[in-house]
1. For the subset of segment 15-44 comprising residues that are of a type in the set (D, E, K, R) and in a loop (DSSP other than H, G, I, E, B), which member is nearest to Leu124 (Cα to Cα)?
2. Output the number of the condition that Gln6 fails; it satisfies all remaining conditions of (1) over 19 Å from Lys123 (Cβ atoms); (2) modelled with pLDDT of 90 or more.
3. Can you tell me which condition Pro27 does not meet? The list is (1) closer than 23 Å to Asp89 by Cβ; (2) surrounded by 16 or more Cβ atoms within 10 Å (Cβ to Cβ), and all the others hold.
4. With (1) touching a Cys at 6+ places or on another chain (Cβ under 8 Å); (2) at pLDDT below 95 as the list, and Gln50 as the residue in question, which single condition is left unmet?
5. Which of the residues spanning segment 79-101 are in contact (Cβ under 8 Å) with a residue 60 or more places away in the chain and surrounded by fewer than 16 Cβ atoms within 10 Å (Cβ to Cβ)?
Amino acid sequence: MGKNKQLYLFDGYNVINKIPELKRFFPKELQRAREALVEYLASRRSCLGQDCEIKIIFDARKGNQALARQQIVKGICLLFADSGQEADDLIIDEVRRQYQHQQIKVVTNDNKIGNNVRAYKAKLLQVEELVRLLNPVKFSRQTAKGNVEHKINSIDGDDITTELEKLWK
């Protein structure tokens, strides 16, 4: 891996808890929340750069031992901590192993992770910064006419469709 290739490490459940359209599944529907995060990132990957590597790290498998410790879904690597281990430690270890080989951005609002990864020159992205990065139209400045341009992203569109289906039944 070249030093110019970006590695994004996501603190899975921390990110899910900070993004409203994903948080609604947490903690009752963990699998659905994880799938929604993967879809959210996969559908906006171009905003991060096509050549980037994405890893989402989750705490222990929450009682579901049938889950593989590592999975690749839609080109995104999912890593699960072993029982008794925290995602925080896996993220810090990953940064420690990779920081000399590539540029790393860690996405979390967790202070423990942030304080540790900065020591290895990893860039910390707060979840709110990530949301702005991945939704540039939603957070764009006013247009020349003074109107704010609004577009519905795919998750919002799915939510609207689901709500309308409920009303029509």
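The values are calculated or read from the model by the stated rules, or taken from the named source; none is laboratory data. Fair warning: this is a prediction, and the values are worked out from it, not measured in the lab. Cβ placement follows ideal geometry from the backbone for every residue including glycine, while neighbour counts extend to all protein chains displayed.
1. Among them, the one singled out is Arg44.
2. (1)
3. Status for Pro27: all satisfied but (2).
4. Of the numbered conditions (1) touching a Cys at 6+ places or on another chain (Cβ under 8 Å); (2) at pLDDT below 95, the odd one out for Gln50 is (1).
5. Correct list: His101 only.
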